[in-house]
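Student: Below is a structure I'd like to ask you about.
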Amino acid sequence: MPCMVISGALLFAGAGCTGIGVNLTTAQPLDVNINMKLDVYQHADAAVQKKIAAATTDIPVDIQTRRQNRMGEVQVLKNSRTIGENHLGLLEIRDMPPGEYGDYAKQTVDAENSDRTAIMQQISKKDNLPLAKVQEQEADLAFKRAFNGEWIEPLQTDGTRKWVQKGQEN
């Protein structure tokens, strides 16, 4: 008896599926729209990495730690186009937010600039370079590291400085 019930159930289930047709074709071809972002990084060779490591060994650990801890906050302010990299290798507030957020932005920029200035003074002394030359080198490095859309203050062909968003320097 159980065999008959199972056989009947299988027969019934099989009969129910044979009458349904499923059309898998489309009237028009599928349109696929894909947006991608590709970031390409060039890593320095071992000699350059050793030079960078040697240059940073003289920087006090507390300054390095403070700058690392502040890096995310600085990037958020850059992304919001509140601050930019000026020609002295320092941050500058471009659009002061109102209220407490403006106070926070000013404190963050002042703290970062204080640490950057200490580092540049140390490099100037160590390499026997004028501070202005070190500032120029640091500004050039900051401009190169900036992401498209961030504010920078590069030297123009006529010798003046002008605030522009990276990628739109024309």
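Student: Out of N113, N148, which single residue is among the polar types (S, T, N, Q), modelled with pLDDT under 95 and under 21 Å from the mean Cα position of the chain (by Cα)?
Tutor: Just one listed residue meets the conditions, N148.
Student: Here's a follow-up. Of all the residues that make up segment 89-104, how many are modelled with pLDDT under 95 and among the hydrophobic types (A, V, I, L, M, F, W, C)?
Tutor: Qualifying residue count for the region: 1.
Student: Then there's this: Kindly indicate which of G89, G149 is of a type outside the set (A, V, I, L, M, F, W, C), in a loop (DSSP other than H, G, I, E, B) and buried (at least 16 other Cβ atoms within 10 Å of the Cβ).
Tutor: Going through G89, G149 in turn, just one is of a type outside the set (A, V, I, L, M, F, W, C), in a loop (DSSP other than H, G, I, E, B) and buried (at least 16 other Cβ atoms within 10 Å of the Cβ): G89.
Student: Within segment 130-146, how many residues turn out to be assigned to a loop (DSSP other than H, G, I, E, B) and loosely packed, with under 15 Cβ neighbours inside 10 Å?
Tutor: Count: 1.
Student: Let me ask something additional. For segment 121-167, which positions are of a type in the set (D, E) and within 15 Å of G89 (Cα to Cα)?
Tutor: Scanning segment 121-167 gives E136, E138, D140, E150, E153.
Student: Against the definition (in a helix (DSSP H, G or I), among the basic types (K, R), surrounded by fewer than 16 Cβ atoms within 10 Å (Cβ to Cβ) and more than 24 Å from the chain's Cα centre (by Cα)), how does K125 come out, yes or no?
Tutor: yes
Student: From the list I59, I34, pick out the single residue that is farther than 30 Å from D95 by Cα and modelled with pLDDT under 75.
Tutor: I59
The values are calculated or read from the model by the stated rules, or taken from the named source; none is laboratory data. All values reported here derive from a predicted model rather than from experimental measurement. All Cβ positions, glycine included, derive from the backbone under ideal geometry; neighbour counts span all protein chains shown.
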